[in-house]
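Notes to accompany the following structure.
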Amino acid sequence: MDEAAGYTGVALELLKRAGAKPGDRIRITRSDGRVFEGILMPRYALSAKPIIVVKLDNGYNVGLRVDEKTVVEVVKTRETILKEAAAGAPAAIPLLEETPPEERRPRITILGTGGTIASKVEYETGAVRPAFSAEEILEAVPEVGFIADISARVVMNILSENMRPRLWEKIVDEVAKAIEEGADGVIVAHGTDTMAYTASALAFAFRKLPVPIAFVGAQRSSDRPSSDAAFNLIAATLVAAKAPFAEVVVVMHGETGDTYALAHRATRVRKMHTSRRDAFQTINGRPLAKIYPFERRIELIDEPLRSRGAEELEVANGFEEKVALVKYYPGMEPEIIDFLVDRGYRGIVLEGTGLGHVGEWLVESIRRAVEAGVTVVMTSQTLFGRVNMNVYTTGRKLLQAGVIPAEDMLPEVAFVKLSWILARTSDPGEARRLFAMNLAGEITSRHTVDLYPRWPH
Amino acid sequence: MIEPKVDVSKYNPRELGLKAGLEIHQQLDTRHKLFCSCPTVLVDESEIKDEFVRQLRPTRSELGEVDIAALFEWRKGRLYHYHAPRRAACLVEADEEPPHEINKEAVVIGLAVALALGSSPVDEIYVMRKIVIDGSNTTGFQRTAIIALGGEIELESGKKIGIQTIAIEEDAARKLGEEGRYTHYMLDRLGIPLIEISTAPDIETPEEAYEAALTIGQLLRLTGKVKRGIGTIRQDLNVSIKGGVKTEIKGVQRLDLLPKIVLYEAIRQKRLLEIRDELLSRGVRKEMLESLEIVDVTEVFKNTKSKIIARVVKRGGKVLAVKLPGFHGLLGVEVQPGRRFGTELADYARFWGGVGGIFHTDELPGYGITAEEVEQLYKAVNAAKGRDAVVIVADSEDKARKALQAVIERARMALEGIPKETRAAKEDGTTRFMRPQPGSARMYPETDIPPLEVTKELLEEARKIVPEKPTEKLEKLKKRYGLSEDLARQIIRDVRLDLFEKLAAKYGDKIHPSYIASVFTNILRSLAREGIPVDNLDDSQIEEAIAAVAKGKIAKDAVPDLLSYLAKNPGTSVDEAIKALGIQTVDLSTVEKMVDEAVKALEAEIRQRGYAALSKVMGRVMPKLRGKVDGKTVAEIAKKKIAELLGK
């Protein structure tokens, strides 16, 4: 019995003595004379409380208090239970009765990076286990097989918050490999928290692209009937297999209902809600396409930057990790900038106020940063709109100090872009020139009146 | 041979070895829902709301099991159209935000009920997800948690019925209706806390089922923390007989139907066992049903007068038939009043094949199918008239084939006896097949909600609101309000007991609480018997009516008319109703004047018959005064006037 099951103290002692492990059927005889039987479950979280959790025969879990006088016995081991259950289980019924017709379909590669786009529920504990072979995906979402011939592999298995630029590079390599092997489209399954960062990293790294790359995730885990995973995966498959464009996009729910998904340009998309299905939104622009998974239809909304099959693959991989994204707040001390310069950071993306400002007492340390060869760019906390540092004095002072205005770029995208640029050049002048260029649709020169949401009032 | 008609009076539940258990679900009257901060109110469909459409996908257990009913709905492309009223639903109901921690108010009420039932609270409460994919939960599962185990209730006879579990769970969304592929649900009810009390299968008669439900319902009401009104309490049942199997029956809305449903299910199981025995005695064996051929008999019906079949064939559909060897006559045998064994086969055909229904030879010729066609049908499937039965289905070939395969499967089960099913209760006390009983692997931990330790503090809170024992409550009602034993017994069982207590405390000094009690136990009940929709009355209307009596605005006699009017005209205020009915009280001088006139008109008779003429006087004035002043008051005045006339 290892401590990972969450038990400590008396409870752990009792379970150790009985040789019980999660999944075993145990009998608990308490000092108050009451007897309980059920499957031993792992403890929810580390807690010192003397409580053992069992799944009763009716399927419910309950926590039972134990003490030194309690007796725990194993009635049946997990292995025996599983063997008996498997023997009695009826043949698995496929979700769909029809199988895809014999015909040539686009070849799609699905790369897993973590998160659960398809998963299985563990019989005895109810724990969720990601499923990621092509067979498992087709079993869980058979609709995909009607759209494309898929292959799948797990590139890494990490929580999205643990993503880092080194890992972006690995994903770029794996996607490039899939395209070189002849994929007509690539899907990257990714946790939603940092999906937009990774997607824009790929948008910069793939200088030329013959096929679409669709990032997809789920806001409701795939073990539940209401999960958005299958819907999003079908939509992403449609994009990878059929979209007329060859861009990096994020494909997620378009609204709270299961009607359509949206393909957002990677350099324009942002997760705008902690939990909603339609958390991903295109900022300062319009999504690239609307996807109707049930009708298997793609409807273009915006002009693609690159068309499918128009160019050969060209990759420029590599990201500088010494880049910081710093959000300005009232009263922020200059030593924060100084610290980054001292620690050898090569780029700083400032998320300033309004049109692109920070407290004027920071101007001096920013000037010193630029003089030390650090590239400093300015984005806005407002997210919507374009920075303009000519309007107010502080802005003008910052420009003078060498800050590069990031136009209407999202702060995170500016961060990824700078990271990619600084991996290509060590010349601040060249970095400044590259940063001003629209490399992957991250800059939009025209904002029409409608490109701003109206909140309810 | 079995008698085709079922004679209900022939069956004695005890002799059948009836065993039944109850599951009572009661809405709790908490301030907030179980997993969010929405109020627990139902709202009108016309209120401001947001709408969205979703699908639910069947999930698979580790062993590959999927819920068959859910799978079929999903394959059919069933869509759920949700209505989210802003006043009573938030992102949690929309499944767009993780649930908040479990509502402690609901847990405390549940623990109080547990203590009253002698049930032992668990030490840590775990919320589970019970997979339910009919769209009534936006998540595709119902969140539910056991809070206590064990306990018992005692019936009048002294018999004890064990309690197995007490759970707190979330209510489902309110179904508004179906429209093609869409099922409409209102999200106001989703998440309202429910207490679920499950009894052991200790119930042995239909009457015991009723009494047990009544006793539990009363205990719940005595907490004063439960909701009342249509749909706030629901019962599920499980029933078996000796040699039978445990059948689950869902959705018993009316308590008075319980005994009938229990009895009918016991009879159904007995009848199915009789059918099995008959089949075996006829020499029918399982192997004979193993390789039955499904035959295309469309040709037989090419000139048919059956409109249903003609329509199917015209659309390019097929008529398929199967022979059930040795089943002749049995498909026409009733298993419940009005439901034949053939109906059970049809239920399976509908569920597995998605067809409208079946025809079988025990009911043919009929439905436009001629004797000649039946002859040909027998021939086409090589069946013997008087020995075999033939079942036909007209639909698209694929659906018809699946339907008949299900019919064969069900026929095969008949040789074993009774299939394990979940059945739905119908208004007439019979049940229909709903789905096969779901496997045990449909319960998973709700990982978004941390477990709740049942602390001393929580139990202390619960102890404060443990409902009184009915016997204690009865004494209190008699003592505090001066109710007779009989009236106290009636009011303690009334759903509006809490309202009675409130009104008796408020108006008891002006009107006797016995009268207030009789408004509930007598007036409202007889109005309901007359078919007046008394459920339309809200508490404030009943209170205003009683207040009107207390203030002398109306006479007690007018109360039935007033309540009846209010029930029939929802939205009317009490004052408006009084005006419309013309039942304002009249002052005593007017009454005296009217009585004077009557006495004068009847002077001769009064002088002759004395007080015996009182009824004549009353007969003259009461039609004009009824409902405006008490008859007793009028009689007193009349007596006085007669006395004056007679010079006494």
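The values are calculated or read from the model by the stated rules, or taken from the named source; none is laboratory data. It should be emphasised that the depicted structure is a prediction, and the values quoted were computed from it without experimental measurement. Cβ placement follows ideal geometry from the backbone for every residue including glycine, while neighbour counts extend to all protein chains displayed. Accessible surface areas use protein heavy atoms only, side chains included; no ligands, DNA or RNA. Shrake-Rupley method; radii C 1.70, N 1.55, O 1.52, S 1.80 Å.
By a straight-distance test (C-alpha under 25 Å), which lysines pair with A:K322 as possible cross-link partners, with residues fewer than eight away in the same chain excluded?
The reachable lysines, counting only those whose Cα sits under 25 Å from A:K322, are A:K170, A:K271, A:K417.
So what are the ³J(HN,Hα) numbers for segment A:304-315, from phi and the Karplus equation (6.51, -1.76, 1.60; θ = phi - 60°), rounded to whole Hz, Gly and Pro as x?
Using θ = phi - 60°, the values come out as x, 7, 9, 8, 4, x, 7, 9, 7, 5, 9, 10 Hz.
Label point 7 Å out from A:A91 along Cα-to-Cβ: which residues of segment B:402-440 have amide N under 17 Å?
Hits in segment B:402-440 for A:A91 at 17 Å: B:402, B:405-406, B:409.
Kindly state, to the nearest 0.05, the FRET efficiency for B:A384 paired with B:Q437, given R0 = 35 Å and r defined as their beta-carbon distance.
0.45
Over chain A, what is the relative contact order in percent, taking alpha-carbon pairs closer than 8 angstrom and at least six residues apart?
Values: 979 pairs, mean separation 46.9, N = 457.
Normalised by residue count, the contact order of chain A is 10 percent.
Given a Förster radius of 30 Å and the C-beta distance between A:R368 and A:R454 as r, what FRET efficiency does 1/(1 + (r/R0)^6) yield to the nearest 0.05?
Working: r = 43 Å, r/R0 = 1.43.
Rounded to the nearest 0.05, the efficiency is 0.10.
Counting only residues 5 or more places away or on other chains, whose amide H sits under 5 Å from the amide H of A:V248 once H atoms are built in the peptide plane?
Placed amide hydrogens put A:I213, A:A266 under 5 Å from A:V248.
Can you send over the carbon and sulfur percentage of the accessible area for segment B:280-419, probe radius 1.4 Å, protein chains only?
Values: 3010 of 6180 Å².
Percent of accessible area from carbon and sulfur atoms in segment B:280-419: 49.
Can you tell me how chain B classifies by the Cα gyration tensor, rounded, prolate or oblate, using a/c under 1.5 as the rounded cut?
Numbers: a/c = 2.19, a/b = 1.59, b/c = 1.38.
Because a/c hits 1.5 or more and a/b exceeds b/c, chain B counts as prolate.
Give the relative contact order (percent, whole number) for chain B; include only Cα pairs under 8 Å separated by 6+ residues. Don't skip to the answer; put the middle values down first.
Numbers: 1197 pairs, mean separation 89.7, N = 648.
Relative contact order here is 14 percent.
Solvent-accessible area per residue for chain A at a 1.4 Å probe radius, Å²?
Counting only protein heavy atoms, the per-residue value for chain A is 42 Å².
Arrange the residues B:K399, B:K379 by how much accessible surface each exposes, largest first, with a 1.4 angstrom probe. Walk me through the numbers on the way to the answer.
Working: B:K399 75, B:K379 160 Å².
Greatest to least solvent exposure: B:K379, B:K399.
When the expected Rg is taken as 2.2 N^0.38 Å, what fraction or multiple of it is the alpha-carbon Rg of segment A:208-268? Let's see the in-between values first.
Numbers: Rg = 11.8 Å, N = 61, 2.2 N^0.38 = 10.5 Å.
After normalising by residue count via 2.2 N^0.38 Å, the value is 1.12.
Kindly identify chain A as rounded, prolate or oblate by the Cα gyration tensor criterion: order the square roots of the eigenvalues as a ≥ b ≥ c, call it rounded if a/c is under 1.5, otherwise compare a/b with b/c, prolate if a/b is larger, else oblate. Provide the component values of the computation, followed by the final result.
Working: a/c = 2.50, a/b = 1.53, b/c = 1.64.
Because a/c hits 1.5 or more and a/b fails to exceed b/c, chain A counts as oblate.
How much of the accessible area of segment A:9-86, probe 1.4 Å, is carbon plus sulfur, in whole percent? Each step should come with its number before you reach the end.
Numbers: 2020 of 3690 Å².
Carbon-and-sulfur percentage of accessible area, whole number: 55.
Would segment B:485-548 count as rounded, prolate or oblate if I go by the C-alpha gyration tensor, calling it rounded below 1.5 in a/c and otherwise prolate when a/b exceeds b/c, oblate otherwise? Walk me through the numbers on the way to the answer.
Numbers: a/c = 1.80, a/b = 1.20, b/c = 1.50.
Cα axes put segment B:485-548 in the oblate bin.
For segment B:197-344, what is the accessible area per residue in Å², given a 1.4 Å probe and the full set of protein chains? Provide the component values of the computation, followed by the final result.
On the way: 6010 Å² over 148 residues.
Ligands and nucleic acids excluded, the figure is 41 Å² per residue.
Quick one: if you stick a label point 7 Å off each Cα along the C-beta vector at A:E312 and B:R181, how many nm between them?
It is 4.6 nm.
Of the heavy-atom accessible surface of segment A:391-451 (probe 1.4 angstrom), what whole percent is carbon and sulfur? Display every interim value, and only then the final one.
Numbers: 1430 of 2710 Å².
Percent of accessible area from carbon and sulfur atoms in segment A:391-451: 53.
Counting DSSP beta bridges in segment A:308-457, what percent are antiparallel, to the nearest 5? List each step's numbers first, then the result.
On the way: 1 of 14 bridges.
Once the DSSP bridges in segment A:308-457 are tallied, antiparallel ones form about 5 percent.
Can you return the aspartates and glutamates within cross-link range of B:K473? Criterion is Cα-Cα under 15 Å, with same-chain partners fewer than 8 residues away left out.
Straight-distance partners of B:K473: B:E485, B:D486, B:D494, B:D498, B:E501.
Which length gain, in nm to one decimal place, applies between B:D630 and B:E152 when the Cα-Cα distance is subtracted from 0.36 nm times their residue separation? Walk me through the numbers before you get to the answer.
Working: separation 478, 0.36 × 478 = 172.08 nm, distance 4.84 nm.
Difference between extended and current length: 167.2 nm.
Across all directions of projection, what mean area in square nanometres is found for the Cα convex hull of the protein assembly as shown?
On the way: hull surface 242.7 nm².
The orientation-averaged projected area of the Cα hull of the protein assembly as shown comes to 60.7 nm².
Checking buried surface per residue: for segment B:14-60, which residues lose a minimum of 10 Å² accessible area in the protein assembly relative to the chain alone (1.4 Å probe)?
B:F52, B:V53, B:R54, B:Q55, B:L56, B:R57, B:P58, B:T59, B:R60
Ignoring ligands, DNA and RNA, what accessible area per residue does segment B:586-629 give at 1.4 Å, in Å²? Don't skip to the answer; put the middle values down first.
Working: 2690 Å² over 44 residues.
Per residue, segment B:586-629 has 61 Å² of solvent-accessible surface.
Roughly how much accessible area, to the nearest 100 Å², goes out of reach of solvent when A and B pair up, both sides summed, probe 1.4 Å?
On the way: alone 21690 and 30360 Å², together 47250 Å².
The summed interface area works out to 4800 Å².
What distance in nm separates the two pseudo spin-label positions at A:K327 and A:E84, each 7 Å out from Cα along the beta-carbon direction?
5.4
Quick query: amide H of B:R340 versus all other amide H atoms, modeled in the peptide plane; which residues come in under 5 Å with a sequence gap of 5 or more or a different chain?
Those qualifying (amide H under 5 Å, at least 5 residues apart or on another chain) are B:V335.
Take the residue pairs B:K260/B:K426; B:K616/B:K640; B:K5/B:K270; B:K104/B:K464; B:K130/B:K242; B:K323/B:K402 and return only those whose Cα atoms are more than 19 Å apart.
Values: B:K260/B:K426 11 Å; B:K616/B:K640 15 Å; B:K5/B:K270 14 Å; B:K104/B:K464 14 Å; B:K130/B:K242 30 Å; B:K323/B:K402 15 Å.
Long pairs (Cα-Cα over 19 Å): B:K130/B:K242.
Which number gives the lysine pairs in segment A:9-86 that have C-alpha atoms under 19 Å apart and are eight or more places apart or on different chains?
Close lysine pairs under the 19 Å cut-off: 11.
Enumerate the calculated ³J(HN,Hα) couplings along segment B:451-463 in order (Karplus 6.51 cos²θ - 1.76 cosθ + 1.60, θ = phi - 60°), each rounded to whole Hz, writing x wherever the residue is Gly or Pro.
Per residue, the Karplus-derived 3J(HN,Hα) values read x, 10, 6, 7, 8, 4, 4, 4, 5, 5, 4, 5, 4 Hz.
Averaged across the residues of B:90-101, what count of C-beta atoms belonging to other chains lies within 10 Å of each residue's C-beta?
Working: counts 0, 5, 1, 0, 4, 11, 11, 4, 3, 0, 0, 0.
For this peptide, the per-residue mean of nearby foreign Cβ atoms is 3.
Which percentage, to the nearest 5, of the DSSP beta bridges contained in the protein assembly as shown is antiparallel?
On the way: 117 of 157 bridges.
Here the share of antiparallel DSSP bridges comes out near 75 percent.
Can you tell me which lysines have their Cα less than 22 Å from the Cα of B:K49? Leave out same-chain residues fewer than eight positions away.
Straight-line reach from B:K49, under 22 Å: B:K33, B:K175.
May I ask you to find the residues of segment A:207-226 that are shielded by at least 10 Å² of accessible area once the whole protein assembly is considered instead of their isolated chain (probe 1.4 Å)?
For segment A:207-226, once contacts with the other chains are taken into account, A:R220, A:D223, A:R224, A:P225, A:S226 lose 10 Å² or more.
Could you go through segment B:134-142 in sequence order and give the Karplus-derived ³J(HN,Hα) for each residue, using 6.51 cos²θ - 1.76 cosθ + 1.60 with θ = phi - 60°, rounded to whole Hz, and x for Gly and Pro?
Result, ordered by residue: 10, x, 6, 10, 4, 6, x, 8, 9 Hz.
Could you tell me what a quarter of the Cα convex hull surface of segment A:323-457 works out to, in nm² with one decimal place?
On the way: hull surface 35.2 nm².
It is 8.8 nm².
For labels at A:T77 and A:Y292 in the simple 7 Å Cα→Cβ model, what's the distance in nm?
5.7
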